[in-house]
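Data first, discussion second: the structure below is written as structure tokens.
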Amino acid sequence: ETGVTQTPRHLVMGMTNKKSLKCEQHLGHNAMYWYKQSAKKPLELMFVYSLEERVENNSVPSRFSPECPNSSHLFLHLHTLQPEDSALYLCASSQAWVGVGNTIYFGEGSWLTVV
Amino acid sequence: GNSVTQMEGPVTLSEEAFLTINCTYTATGYPSLFWYVQYPGEGLQLLLKATKADDKGSNKGFEATYRKETTSFHLEKGSVQVSDSAVYFCALLAGGTSYGKLTFGQGTILTVHP
């Protein structure tokens, strides 16, 4: 139990579907992240919200749309995805204003398969 | 820019063998250093961390020492178990920003046989 909960853990969707991934953190943090982990590729930072404001969008295609309604919840809305978007999507959280000793904690991930 | 380099895997060991996974980094300033572990089918778990030079992080029998002079943070364990089979990621976190931007190594796959 890391304090960062992701749902669903597994998702299969067609290319024309619309679905959402949800993340909730119980650590009192105020920064949240989406990472993508594909086979044989490094971990990729997708989006960052700090104090509920999006502070990074790492050249992610518009078919991925993040939403951060409050500091405890983060969503990734998915629509018209491609098979190459199949991957493990990891949510993470930390305190904002990173200083010495700060740590980023990850959830268990959501395995996405696009068919 | 910041970068992390880990030893190439996969690493295959017998149970009770000694483990070393090398990690070196390049960074400006004074980053924090981390080892994360990913068990099969799971997300990333923080294994240990160190926040300043000569700090030693330790957890579950694993250790790593922050060596500024060699810019290294090698992971060691004296006696591995089958349950240690996983992917290990070295990472650094540069401070002074409004959020944490981790720089990861490429990951090292460890397989431990009985």
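Each label was represented as a point 7 Å from its Cα along the Cα-to-Cβ direction; for residue A:73 and residue A:59 these points are 3.3 nm apart.
Segment residue B:113..residue B:16, full-extension length gain: 34.0 nm, with 0.36 nm per residue of separation and the alpha-carbon distance subtracted.
Could you tell me the relative contact order of chain B? Use alpha-carbon pairs under 8 Å, at least six residues apart, and round to a whole percent.
Numbers: 297 pairs, mean separation 40.9, N = 114.
It comes to 36 percent, rounded to a whole number.
Counting other Cβ atoms within 10 Å as a rough exposure proxy, the listed residues B:35, A:111 run A:111, B:35 from fewest neighbours to most.
Quick one: A:10, A:77, fewest Cβ neighbours within 10 Å first, how do they rank? Let's see the in-between values first.
Details: A:10 10, A:77 13.
Lowest count first: A:10, A:77.
Its alpha carbons give the range B:1-96 an Rg and a Dmax of 13.2, 42 Å. Based on the Kirkwood radius over alpha-carbon pairs, what is the Stokes-Einstein translational diffusion coefficient of the protein assembly as shown at 20 °C with 1.002 mPa s viscosity, in µm²/s? It diffuses with D of about 118 µm²/s by this estimate. The residues B:65, B:70, when put in order of fewest to most other Cβ atoms within 10 Å, stand as B:70, B:65. When chain A is treated as a Gaussian network with alpha carbon springs shorter than 10 Å, the biggest mean-square fluctuation among A:64, A:47, A:75 belongs to A:64. Neighbours of residue A:96 by Cβ distance under 14 Å: Lys/Arg scored +1, Asp/Glu scored -1, total -1. Give, as a single signed number, the net charge of other residues whose beta carbon lies under 13 Å from the beta carbon of residue B:40, with Lys and Arg counted +1 and Asp and Glu -1. Here the count lands on -3.
Within chain A, the proportion of Cα pairs with more than 19 Å between them is 41 percent. Straight-line cross-link partners of residue B:49 among the lysines, defined as a Cα under 23 Å from its Cα and at least 8 positions apart when in the same chain: A:36, B:60, B:68, B:77, B:101. Taking B:19, B:33, B:44 as the candidate residues, the one with maximal mean-square fluctuation in a Gaussian network model of chain B, Cα springs under 10 Å, is B:44.
Every number in this text was worked out from the coordinates using simple rules, so none of it is lab data. For clarity, every value in this text was computed on a predicted model and none was experimentally measured. Because the Cβ atoms are built from the backbone with ideal geometry, glycine has one as well, and the counts that use them run over all protein chains shown.
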